[in-house]
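Okay, structure first, notes after.
The values are calculated or read from the model by the stated rules, or taken from the named source; none is laboratory data. Just so you know, these numbers come straight off a predicted model, no measurement behind them. Counting neighbours? That spans all protein chains shown, and the Cβs are built from the backbone with ideal geometry, glycine included. To get the accessible areas, we keep the full protein, side chains included, count just its heavy atoms, and leave off ligands, DNA and RNA. Shrake-Rupley method; radii C 1.70, N 1.55, O 1.52, S 1.80 Å.
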Amino acid sequence: DQQVKQNSPSLSVQEGRISILNCDYTNSMFDYFLWYKKYPAEGPTFLISISSIKDKNEDGRFTVFLNKSAKHLSLHIVPSQPGDSAVYFCAASVIGSQGNLIFGKGTKLSVKP
Amino acid sequence: NAGVMQNPRHLVRRRGQEARLRCSPMKGHSHVYWYRQLPEEGLKFMVYLQKENIIDESGMPKERFSAEFPKEGPSILRIQQVVRGDSAAYFCASSPSPPGTGSVAFFGQGTRLTVV
């Protein structure tokens, strides 16, 4: 059973437009969420995080939104650039526990020039 | 300040051999995590270690797999008697404090294990 779900395996967006990557979770105990980006043959790179006391966190072109009641978070990239083409992983953990990070299966983003 | 270092980057083993994967965490990080990524899959948690202690090994297969993080030296993920199904990318991550504190885990570039 997947606790963190990324239901879209792929997403294609035109350069300059907005990319929206979605993530759903089932464990209501999760209270800290992270997004990682991964290029082929490289390790995941941390992008942005959000704790459950917030509903939005912004860092440059990247914004993460958290909807706790829906157990849903999303990553917005505006404007999208070809260099953003990668696999994006959503991850979750429980603050105050010894628990590890649980990852979704990832969404492959392709930004076309 | 070097990042998380994993070696080797690529490892080829014949069925039945042993595979040893090494991970040196970032400086100042005492928490290490191992993840496995099978083809077309996400990252699956395997084990979480602090210095000399295994904190959570709930993702480790019961047989043939072991991990350690000694007081001195890198963390080692050891796979005995490898089988073809062990072929995957193995990623190590480290953080300065436990994931429960909201700290960020930084990943190495991974070791791609191929069993022939």
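Among the residues of the stretch B:99-116 satisfying the criterion of being surrounded by fewer than 21 Cβ atoms within 10 Å (Cβ to Cβ) and assigned to a loop (DSSP other than H, G, I, E, B), which is farthest from the other protein chains (Cβ to nearest Cβ)?
So, considering only residues that are surrounded by fewer than 21 Cβ atoms within 10 Å (Cβ to Cβ) and assigned to a loop (DSSP other than H, G, I, E, B), the one farthest from the other protein chains (Cβ to nearest Cβ) is B:116.
Look through B:11, B:21, B:49, B:38 and report the one residue that is out of contact with any helix residue (DSSP H, G or I) (no Cβ under 8 Å at 6 or more places or on another chain), among the aliphatic types (A, V, I, L, M) and either farther than 26 Å from residue A:90 by Cβ or without any contact (Cβ under 8 Å) to a residue 12 or more places away in the chain (or both). Spell out the reasoning first.
Working: B:21 fails: either farther than 26 Å from residue A:90 by Cβ or without any contact (Cβ under 8 Å) to a residue 12 or more places away in the chain (or both); B:49 fails: either farther than 26 Å from residue A:90 by Cβ or without any contact (Cβ under 8 Å) to a residue 12 or more places away in the chain (or both); B:38 fails: either farther than 26 Å from residue A:90 by Cβ or without any contact (Cβ under 8 Å) to a residue 12 or more places away in the chain (or both).
Exactly one residue qualifies, and that residue is B:11.
Count, please, the residues in the stretch A:66-86 that happen to be in contact with a Lys or Arg (Cβ under 9 Å, 6 or more places away or on another chain) and either surrounded by 21 or more Cβ atoms within 10 Å (Cβ to Cβ) or free of Cβ contacts under 8 Å to residues at least 40 places away in the same chain (or both).
5
Working carefully through the options A:45, A:63, find the one that is open to solvent by 60 Å² or more (accessible area, probe 1.4 Å), under 13 Å from the mean Cα position of the chain (by Cα) and at negative phi.
Residue meeting the stated conditions: A:45.
Looking at A:43, A:104, which one is free of Cβ contacts under 8 Å to residues at least 60 places away in the same chain, under 25 Å from residue B:40 (Cβ atoms) and at the interface with chain B (Cβ under 7 Å from one of its Cβ atoms)?
None of the other options fit; the residue is A:43.
Of the residues B:51, B:44, which is away from every other protein chain (no Cβ under 14 Å) and closer than 19 Å to residue A:101 by Cα?
Criteria check complete, one pass: B:51.
So if I check each of B:74, B:61, B:8, which one is within 14 Å of chain A (Cβ to nearest Cβ) and farther than 30 Å from residue A:50 by Cβ? Don't jump to the end; show me each part of the working.
On the way: B:74 fails: within 14 Å of chain A (Cβ to nearest Cβ); B:61 fails: within 14 Å of chain A (Cβ to nearest Cβ).
None of the other options fit; the residue is B:8.
For the stretch B:5-38, what are the residues that are farther than 21 Å from residue B:53 by Cβ, assigned to a loop (DSSP other than H, G, I, E, B) and of a type in the set (S, T, N, Q)?
B:17
Among the numbered conditions (1) touching a Pro at 6+ places or on another chain (Cβ under 6 Å); (2) small (Gly, Ala, Ser); (3) at negative phi, tell me where residue A:10 comes up short.
All conditions pass for residue A:10, except number (1).
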